[in-house]
Amino acid sequence: MISRPLSELAGSHIALFSYGSGMASSFFSLRVAQQWDEQSALARFVRVLSDVQQRLDSRIKVAPEQFVKTLNMREKAIDCAPYEPVGPLEGFFPGTWYLTGTDAMHRRSYERVPAKTETNGHA
């Protein structure tokens, strides 16, 4: 969806995959309408995706050992209550919601990294 011009997407059959939150994933397909203009849902969708490559490129790369350490920490905390997460927030994208705590009754609290002034219309 980000590697081709809009004119090439019209009429295409596209497979989409989402890895979810690590526990579940989804795979589905869609067919893009033949007719489109700059006000169409297709054009709006492509505009929403306009910063995807930049966001992908700005991800923080970590060594496999650090990734495993992070996963182990999450595994130990999976059903803890009360629980207060530890770790830096610096690597989160603007607008990301993150867990700030779980109380004794397993109710979760979240906060949000401040979003940029520009949004995709859904923030």
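Bear in mind these aren't lab numbers, they're just calculated from the coordinates by the rules spelled out. Everything quoted here is computed from the prediction, not taken from an experiment. A quick note on method: Cβ atoms are made from the backbone with ideal geometry, for glycine too, and the neighbour counts reach across all protein chains shown.
Quick look at the values:
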quantity: Distant-in-sequence amide H partners of GLY101 (H built 1.01 Å from N, under 5 Å); calculated: SER109
quantity: Acute angle (nearest 10 degrees) that the helix 64-77 long axis makes with the longest principal axis of the chain, alpha-carbon atoms; calculated: 60 degrees
quantity: Diffusion constant of the stretch 61-116 at 10 °C, which comes from Stokes-Einstein with the Kirkwood Cα-pair radius and 1.306 mPa s, µm²/s; calculated: 126 µm²/s
quantity: Projected label distance in nm at SER3 and LEU16, using a 7 Å step from Cα toward the beta-carbon; calculated: 1.8 nm
quantity: Cα convex hull of the stretch 1-59 - mean projected area over all directions, nm²; calculated: 4.6 nm²
quantity: Residues whose placed amide H lies under 5 Å from that of THR96, excluding near-sequence neighbours; calculated: VAL113
quantity: Answer label, with Cα extents along the principal axes in Å calculated from the coordinates and candidates [x] 53, 31, 29; [y] 45, 40, 23; [z] 66, 41, 19; calculated: [x]
